[in-house]
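Chemist: This is the structure, below, for whatever I ask next.
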Amino acid sequence: MPTTHTTGDLLTLGLPALAHGCNCRGSMAGGIARQVRERWPALVREYERRCLAGEFRLGDVMPWETPEGVVVYNLATQVERGADARLEAIDATVRAALADAAARGIDRLGVPHLGSGIGGLRWPDVWKLLEDAGAGSPVELVVVGRVHRDRG
């Protein structure tokens, strides 16, 4: 299915599933991860437990269902905090999340601009991976960018 792009708030678009990039150190301090931490503390406790136990490594995917029935995928796209995102990890984790979503009967999966903010990667490189991953999946991959408002 083709990968689509829209703007808005990933967490409030009403998508049946969403994914976001995480480090493997148990820190959700910035970007979309911070919003996930604030909205679903139980998810964060499980993520932190897995990181501490060494059970969440680069390339891993942690699906978690919210009380509202939304499936949230924590994608291990980088080992460390900061500019450490890896293209190969984004590719592997997005494909795994799409496969899991398809197995669950989910028709759309939303993702932010993975790895291209805090993670330090070039957006055109990430976009190419997302387009390729989405093309091979029955699940629509919806890339969600933030709306930038004029502050002047």
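The values are calculated or read from the model by the stated rules, or taken from the named source; none is laboratory data. Treat the numbers as computed from the prediction; the structure is a model and nothing was measured. Heads up, the Cβs are rebuilt from the backbone with ideal geometry, glycines too, and the neighbour counts pull from every protein chain shown.
Chemist: Keeping to segment 28-68, report how many residues are modelled with pLDDT of 95 or more and in contact with a Pro (Cβ under 8 Å, 6 or more places away or on another chain).
Modeler: Of the residues in that region, 0 qualify.
Chemist: Just name the residue that is nearest to LEU10 (Cα to Cα) out of those in segment 119-142 that are touching an Asp or Glu at 6+ places or on another chain (Cβ under 9 Å), of a type outside the set (Gly, Ala, Ser) and not in a helix (DSSP H, G or I).
Modeler: LEU141
Chemist: Filter segment 104-147 down to the residues that are aliphatic (A, V, I, L, M) and within 15 Å of THR7 (Cβ to Cβ), then identify the one that is surrounded by the fewest Cβ atoms within 10 Å (Cβ to Cβ).
Modeler: This residue is VAL147.
Chemist: Select from segment 1-22 the residues that are buried (at least 16 other Cβ atoms within 10 Å of the Cβ) and either touching a Phe, Trp or Tyr at 6+ places or on another chain (Cβ under 9 Å) or on the phi > 0 side of the Ramachandran plot (or both) and list them in ascending order.
Modeler: THR3, ALA17, LEU18, ALA19, HIS20, CYS22
Chemist: While we're looking at this one, here's another question. What's the total number of residues in segment 64-96 that are surrounded by 18 or more Cβ atoms within 10 Å (Cβ to Cβ) and among the small types (Gly, Ala, Ser)?
Modeler: Residues that pass the stated criteria total 5.
Chemist: Now for a separate question. Select from segment 1-35 the residues that are touching a Cys at 6+ places or on another chain (Cβ under 9 Å) and either among the hydrophobic types (A, V, I, L, M, F, W, C) or under 16 Å from VAL111 (Cβ atoms) (or both) and list them in ascending order.
Modeler: Hits for segment 1-35 are CYS22, CYS24, MET28, ALA33.
Chemist: In addition: For residues that are within 22 Å of ALA89 (Cβ to Cβ), without any contact (Cβ under 8 Å) to a residue 40 or more places away in the chain and not polar (S, T, N, Q), tally how many sit in segment 6-35.
Modeler: 4
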